[in-house]
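This report concerns only the one structure given below.
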């Protein structure tokens, strides 16, 4: 019988907890940042770099409310339960004033629900799920990055310009993939009611059987293909599809495919002529974008990823929000975030009052090969505000606003 | 005398090989009946059919008039038949007395009970059984560290728990020193006489068999070739030939059959 | 028809990697009886090493040489792992080694991240085999054909090695009877090392040979794990032809599944596995396990006694301290302790069937997540009050355990474990894919307790009452006739059956009981976190509980609680650091080697040796 040992350990930990609270007397403004630093290292590291860059600049300029801004980074192992526990620890023990972070949507949803319950402010930086601000939206959660719906709608707009009639979709079989296909279908059918979706492929996430998928799509002989796969799945699909001639003579639309995180690993096998959303940092010339890219390259000696941009904008948004609120009181910050305008590398964005979604947009362009690597060409930056549903629709989608 | 066990035309074949063929015998009340035969004669197969571990190909086994064929070992046990194993089977993570208590809990149908403390249940009763087999002084010892002969005694105590009317003992003295064999067998004989339990046992050691059996059955190649008193069997030329002809004397051979 | 044939070829090509990796796992299990969780890590290393080699070795020759060298390199790594990590723990209780291999997984994950970086790498194409061949008009990649052609050579080569050479004969002998090999004068330790080398080499080859069809990434170790276990189990543990047939079967089924049941590819594999195991419990080519009496390898477990007065007073004092935690502890200390208690209850419920019953379940998360989902679904769909949902969660989980237990009870040992894994995965894939009802991987959120429990401290007390209550209930059950009957069934099913105990039914009842308590911990979990996701049903969840039981000590009643508390607190502390997986992995390996009887088993021994607790013969 060793239960007593458990108690002893618990008490020790508790004692440490009490001690550390007093040690943490705040002279900085602390932000709790929860992410899957190990599980999604390829995405989380550039994101963290982006935050670090922004913090450096913010603090050099005098910080926020006269205090330096500080992020406390914690790894949740990609587990929602852990993330919630850490969120609690950050807010109650580390004296952070608000929460941010996560890439995986389900972890974001878990923190969002927790934040609403405990009345903490949560800025969801990277998770894409539409439900985060709509079906499961709540008063304490804001989201920065352009959502699945917005990016899919941008691609649908491009697709509607072609004469393709039959579409195949391929998306990882989980919530993000399903949202992405549903949004694309809705948006495209609204623009072009006569298109037909001839097959839907749903490979398991990171377990794609690319040869079989390519055959299954080929079998349906579609005019165009809408791809939502990413990461290793995308690499396999591109390779098998290219080898088997799947993409020849077909329009292909790729959600996120143009993001450096996904395009770079493909090297000289990056697909050509796909219409994608992404981040053509190498091609940006306007001052605000260029300044960010240059500063990032100077600091980290590598090009920024989309995650870097989002991380940078996350820190910027938080700094702006707290400044506007004039305090770190949660209610004041929540009020400040509603309608908050932030100047960012991609221009001014605004956190909408009606659904807490920022108007950050996305770059849409065509993939091409340059110097043995995939890039986006003929890109345009599309403002997110133009791809969000009308206010009445948002009201319907978002029970929390009713 | 009443026959408490009647075995009729019991047969078992494995993939066409006849292991046991049309064996017939009875066990009378209070009788110590030995089942002997050379290795591979079918003794263990016979035993396992009686206890329900093997399903016979044909034949019946009547215990107090009720056919046992097709019943599970646990149900046969509940009818009042106890058994001990050739290779001891005890609960090695429990104390000696708990081994007996376990059987008593099962007998009293308390094994699904989750409220009482098991180590307190039927302890007195269990100790009397241990007393009976001479293990009382070791009651609180860990079963796993018991000597082999003591394990056999423990098995006997377990087998006596539900006041059986018939005891099946598969080589009760296998692997024991000769002196210990005698004492264990004598102990068994005393207990069953006192409680009026019938015993059917297999045995390799002919001293044990001739010293204690009331009657002897001889099995060879799956068939019953002799059935009679100790003297009958000792002088039976067919039996002698089977043992001598097979190169075996009436000596113990320790290999399992 | 043309497409059908082409799809068949795709399936066979996919089977190549699966076969190589799975045959290695199968060999290792067959000879050493080690369930090598780290096999996926060997596969991942094969891919990364092969990739690195291909960068420096050019041309067709260089490509194949890289594949070969990657295999051998991983083989050497396997040998290092075997000698350093596994050899010291062969004498430990059955399946204990899997904890060590789990530590190896963690170490390799961080080492690979350090060496190759976080980015996915795309495998180079095989020189000379880049294009396609048209077969009946359908495009078939040349490399696919190469894989289809090569695999039979591997199969034949392995078959020759195993059935025609002296080494092979020894390996086969060892598969059937390990003592016999020792009697033949063969150094068993080196035979095991050799088999580990072969098995790891095959995994490495599998990783390298799939590069042209994909690449290498840091998630591939876990991603292939479920599939290779399925292949090994369907084929039959230790059977090479079985591994090949099963790999081909799974791959081909998958290809057609992609075409005809695109939504259900996840479920398909586990349905096949469950069906095969129910019809042929030992796999297609497996021999029946000569099941020893399980759970009794090494030193036999000691008798148990309810705690004496002194210990009870200590526990009472401890509970009092826990009850006072909100007075002197921070909010977070309450949250952390709640988490630990919930996890300990989950682990203790598995320990009940594993430790006392000898039933190793690899799918216990089904009941933890099951309980959490029952509660969450009730709240989400029928707006059930929290109290009702909380009450029904253990009942629902118990019912699931009742059904799954009934289906699995016919098997024993590792096969039982695998079938529980299959059903747990089935439940997971159902929850994952049935988005309309379960929310899919977006889960169910906003599952918060009623107003009277709202807030950290009230819910902490709630967790304390039900969590500690559940643990004490399990403990008491261990001392009850039911717990004794369960141990009796494990110690000697022969004797138990011969004395009126229906061992299968006892085990089934215990499985159901443990399932419902896991469900209770799941219900406590969901209301403390406010949300539930399919991650709570994952294999990793089941393994968490399994690991802490062995870490704590499978043969002690307190093992699950001690192990659970230690690991949870250690994780909470370590995840604050950069290379926490490496550190945690090394700590686990260290504990496994110095304390093969688990933390509490070893503490007990040490305490006895130094006279801190009195050694009573035959008691603990």
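Tabulated values for the structure
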item	result
Ratio Rg/Rh [Cα only; Rh per Kirkwood] for the stretch A:57-175	1.10
Calculated log₁₀ intensity ratio I(q)/I(0) where the Debye formula runs over C-alpha points of the stretch A:150-226, q = 0.13, 0.14, 0.18, 0.21 Å⁻¹	-0.37, -0.43, -0.70, -0.92
Acute angle (nearest 10 degrees) that the helix C:166-176 long axis makes with the longest principal axis of chain C, alpha-carbon atoms	30
Cα long-axis angle, helix B:96-107 against chain B (0 to 90 degrees, to the nearest 10)	80
Average other protein chain Cβ within 10 Å of Cβ, residues C:337-343	3
Whole-number Å³ per residue for the convex hull built on Cα positions in the stretch C:303-345	72
Scattering curve values for the stretch C:338-542, log₁₀ I(q)/I(0), Debye with Cα scatterers, q = 0.10, 0.11, 0.12 Å⁻¹	-0.40, -0.48, -0.57
Peptides ranked, highest mean first, by Cβ atoms within 10 Å: ranges A:343-354, C:360-371	C:360-371, A:343-354
Ranked by how many other beta carbons lie within 10 Å on average, peptides C:209-218, C:412-421 from highest	C:209-218, C:412-421
Part-to-part distance (alpha-carbon centres) for the stretch A:98-121 and the stretch A:300-333, which is given in Å	16
The stretch C:483-620, relative contact order [Cα under 8 Å, separation at least 6], %	16
For the stretch B:85-137 and the stretch C:338-368, distance of Cα centres in Å	28
Translational D in µm²/s for chain B (Stokes-Einstein at 37 °C, 0.692 mPa s, Kirkwood Rh from C-alpha pairs)	174
Alpha-carbon spread of the stretch C:470-620, three principal axes, descending order, Å	57, 45, 24
Neighbouring partner chain Cβ atoms per residue of C:119-130, average, 10 Å criterion	4
C:581, C:609, A:143, A:39 arranged by Cβ crowding within 10 Å, fewest neighbours leading	C:609, A:39, C:581, A:143
Relative contact order (%) - criterion: Cα under 8 Å, at least six apart; region: the stretch C:2-279	42
Order of A:264, C:144 under a 10 Å beta carbon neighbour criterion, fewest first	A:264, C:144
Kirkwood Rh and Cα Rg combined as Rg over Rh, evaluated for chain C	0.98
Inter-chain shielding of C:450-456 (mean C-beta neighbours from other protein chains, 10 Å cut-off)	1
Histogram of C-alpha separations across the stretch C:191-313, 5 Å bin width, %	2, 9, 12, 16, 17, 14, 9, 6, 5, 5, 4, 2, 1, 0
Sum of -39500 (n - 2.57) over DSSP H runs of 4+, divided by residues of chain C (222 nm, nearest 500)	-23500 deg cm²/dmol
Å³ per residue enclosed by the Cα convex hull of the stretch B:94-216	104
Two-decimal ratio, the stretch C:397-482, of alpha-carbon radius of gyration to 2.2 N^0.38 Å	1.49
Highest average packing first - A:254-260, B:163-169, Cβ atoms within 10 Å	A:254-260, B:163-169
Exposure proxy ranking, count of Cβ atoms within 10 Å, fewest first, for C:279, A:58	C:279, A:58
Cα-based Kirkwood hydrodynamic radius, the stretch A:103-260, one decimal, Å	16.4
On Cα atoms only, tilt of A:80-92 relative to the major axis of chain A in degrees	40
Convex hull volume per residue for the protein assembly as shown, taking Cα atoms only, in Å³	183
FRET E, pair residue B:117, residue C:319, Förster distance 30 Å, beta-carbon r, rounded to 0.05	0.90
Cα-derived Rg to Rh of chain A, Kirkwood definition	1.00
Rg [Å, one decimal], Dmax [Å, integer] - the stretch C:434-531, C-alpha atoms	18.7, 54
Distant alpha-carbon pairs in the stretch A:173-269 (separation over 21 angstrom), percent	30
Rule-of-thumb Rg ratio for the stretch C:2-279 [Cα; 2.2 N^0.38 Å; N residues]	1.00
Bins of 5 Å, starting at 0 and running to the largest distance - Cα pair percent for the stretch B:91-145	5, 22, 30, 25, 13, 5, 0
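Read the figures in this text as sums done on the coordinates, not as results from a lab. All of these numbers come straight from a predicted model, not from anything done at the bench. Positions of Cβ are backbone-derived with ideal geometry, glycine not excepted, and every protein chain shown enters the neighbour counts.
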